[in-house]
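Notes follow once the structure below has been shown.
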Amino acid sequence: MRMSNSFFITRKEFPKDENTISAKLLIKSGMVFKNENGIYSYLPLGLKVVNNIKKIIRNEMKKINAEEVLMPSLVNYSYFENSGRNVIFDKEMFTLKDRNNKEYALCPTHEELFTYLVRNKIQSYKDLHFTLFQMSNKFRDEFHPEYGLIRKKEFLMADAYSFDADMSGLDVSYDKMYQTFKNIFKRCNLDTITVKSDPESMKGTTSEEFQVECDFGDNKIVKCTSCSYSSNIEEAACLTKISKENNFDIKMIRKVHTPNIKTVKELKEFFNVDDDKILKSLIIKADSKYIMILLKGNDELNTNKLETVLKTKNIEIPSSYELEKIGTEVGFIGPIKSTMTVIADMEVKNMHNVICGANIKDYHYKNVNPKIDFKIDRFADLKMFDENSYCPKCGSKCEIINGIEVGHIFKLETNYSKVYDLKYLDETNTFNYVHMGSYGIGIDRLISAIIEKNHDEKGIIWPMLVAPYKVAIVVINVNDKESYKYSKMLYERLTQNGIDTILDDRKETVGTKFNDMDLFGIPIRITVGKKLEEGFVEMKLRSEEMSNDIKIENVLKTIEKMLETK
């Protein structure tokens, strides 16, 4: 690439409508163009990065004999009705109708299509095992598109699917893909944390996320400080250490006038008590049935856990009008004399002499004791993991960190095979369902994570394998015939040797050129200037502060050696 006649759009200032440093740097460097929130165009420099990542993925997939295909993103809506995932994705799915009023969907993912495809291949056990993958666009109407390329509405994913005869075969495929993903991320210079996650969105049975720890990550990760336990916060189980305090005094229950005191914070201040003396009561409607949920003080309800406990996703929050009809008030809900089912979080077992709503406006009860003053139908782990929770594996304290999810792997088992009747004949001439695995890498997310972990105040610092160009040649003075001639010769030699090189032959100040190369994050910079007369050029690595003078006859050999090392 010769910059004097190339298409790129750099900006002097960071965009003000982006929150992530990765999106700011990508836009400022002209690697992407923002069309609107959640929608971006890749420009020449950015597309080079995308293609380099695709090359890494293809290389690693080839090692496990995965074959590449390309499926459509526009498909008949019935695919998702058949699997039930139209309900799971709900408003996230983009749908449209053609001129004949036939309904279509823009694929949020491709499990259904791959299952349908391989029905044309698999007949007997001899047709198994194999793995297919693709790199294609997916579409989801993201609720939080303000996270830059981390949450795009149209995003690029590398998704793979394995097909095996039984669970043991799936286990092998899953483990192979786990290691393949680790290899891909390592080659992108990323350390990942593997965390337990919810497989429900893909109708799977087991799933793990590959998270990159990052200050501006859009995920919360629970990580034990003592053992290997880690989990997405929505899936993190909370260990409750049951109090040994059994001989507490049971105080006289009292109704207290609490005018306009509704929140936990207001109650703590009004009664001058801690969280463990406030019993939070919530009413939800599950499958049209009212249920009361009890939590301690500032604990938050984890809706994923509640859905698992109730075995339904059909959960609603009743309106204030509905609450009045069933005999309670918003801000004053309580379990005493309640006739509905009451489910309490495990932490409630440690509570006594607590404050709760009286189901009458402006009144609360004081000195209430669970299981004595009201019934509890069931205890369950319902709270969102927080800084007061303990590791469910070893009982130690955990830290909660931010992360960017760059990969996700699932054991689908036979869930999709049963929907699409994907069977094979085994050695005994018996039909069995095929066992499937699903594996995805978000390429846009991966690019964002790389930048979030590899940048400084000057710009991006690309890893060598990902960088759009490996070498930048900066000509200090393009009007100096010898400098220009040597720079052009070096550029052609490097290019002929298969080394992606950018030649900055613009009529700009050397400061502007250096700033742009630092912003672009090119790993190796060669500066051609006054020392050329003495037979030297300057070489500087983007990741280092110091530069070195190198003899011109050693430049090519030195660069090739550096590339081999990386």
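Here's the list of lysines a cross-link from residue 418 could span, going by alpha-carbon distance under 23 Å and ignoring same-chain residues fewer than 8 apart: 121, 126, 203, 311, 313. Taking Cα atoms, how many degrees apart are the long axis of helix 44-63 and the longest axis of the chain, rounded to 10 and kept between 0 and 90? Result, in degrees: 80. Expressed as a whole percent, the accessible surface of the chain that belongs to carbon and sulfur atoms is 46, based on a 1.4 Å probe. For the Cα atoms of the chain, what angle does the longest principal axis make with the long axis of helix 443-453, in degrees from 0 to 90, nearest 10? So the inclination is approximately 80 degrees.
Can you list the aspartates and glutamates whose alpha carbon sits under 12 Å from that of residue 423, skipping same-chain ones fewer than 8 residues off? Partners within reach: 127, 164, 166. Its Kirkwood hydrodynamic radius, worked out from the mean inverse distance over all distinct Cα pairs, puts segment 86-226 at 17.8 Å. Legend: translational diffusion of the chain by Stokes-Einstein, Rh = Kirkwood radius over C-alpha pairs, 10 °C, 1.306 mPa s; D = 57 µm²/s. Accessible surface calculations at 1.4 Å, restricted to protein heavy atoms, place segment 396-450 at 33 Å² per residue.
Secondary-structure-derived ellipticity at 222 nm for the chain, considering helices only, amounts to -7500 deg cm²/dmol, per-run term -39500 (n - 2.57) for DSSP H runs with n ≥ 4. When you count the other C-beta atoms within 10 angstrom of each residue and take the mean per peptide, 9-19, 294-304 line up highest first as 294-304, 9-19. Loop-located GluC sites (Glu not before Pro) across segment 189-298 with a Cβ neighbour count of 10 or fewer within 10 Å are 245, with loop assigned by DSSP.
Computed on segment 240-347, with alpha-carbon pairs under 8 angstrom and 6+ residues apart, the relative contact order is 29 percent. For segment 209-272, the relative contact order works out to 16 percent when only alpha carbon pairs closer than 8 Å and six or more residues apart are counted. Annotation note: trypsin sites (Lys or Arg not before Pro) in segment 461-552 located in DSSP loop regions with a Cβ neighbour count of at most 14 within 10 Å are 507. Here the Debye sum runs over all C-alpha atoms of segment 474-566 as equal scatterers in vacuum, and log10 of I(q)/I(0) at q = 0.16, 0.18, 0.19, 0.23 Å⁻¹ comes out as -0.62, -0.81, -0.91, -1.40. Let me make sure I get this right: for segment 220-340, a, b and c are the square roots of the gyration tensor eigenvalues over alpha carbons, sorted descending. Under 1.5 in a/c it's rounded, otherwise prolate if a/b > b/c, else oblate. Which is it? Verdict is oblate for segment 220-340.
As a quick test, which of the pairs 220/305; 289/375; 513/540; 280/375; 458/485 have an alpha carbon distance above 20 angstrom in this structure? From the list (220/305; 289/375; 513/540; 280/375; 458/485), the Cα-Cα distance tops 20 Å for 458/485. Between the Cα long axis of helix 481-496 and the first principal axis of the chain there is an angle of about 60°, rounded to the nearest 10. Structure note, pairs 262/393; 361/397; 277/411; 16/138; 153/268; 55/557: Cα-Cα distances above 31 angstrom occur for 262/393; 361/397; 277/411; 153/268.
Less than 5 angstrom separates the built amide H of residue 331 from none of the residues sequence-distant by 5 or more or on a different chain.
A DSSP coil position with no more than 12 other Cβ atoms inside 10 Å describes the following trypsin sites (Lys or Arg not before Pro) in segment 57-116: 99, 102.
Structural descriptor for segment 391-462: relative contact order 28 percent, calculated from alpha carbon pairs under 8 angstrom and at least 6 residues apart.
The values are calculated or read from the model by the stated rules, or taken from the named source; none is laboratory data. All figures in this text were calculated on a predicted structure; none of them were measured in a lab. With ideal geometry, Cβ positions are generated from the backbone for all residues, glycine too; neighbour counts draw on all protein chains shown. Quick note on the areas: whole protein, heavy atoms, side chains included, nothing else; ligands and nucleic acids left out. Shrake-Rupley method; radii C 1.70, N 1.55, O 1.52, S 1.80 Å.
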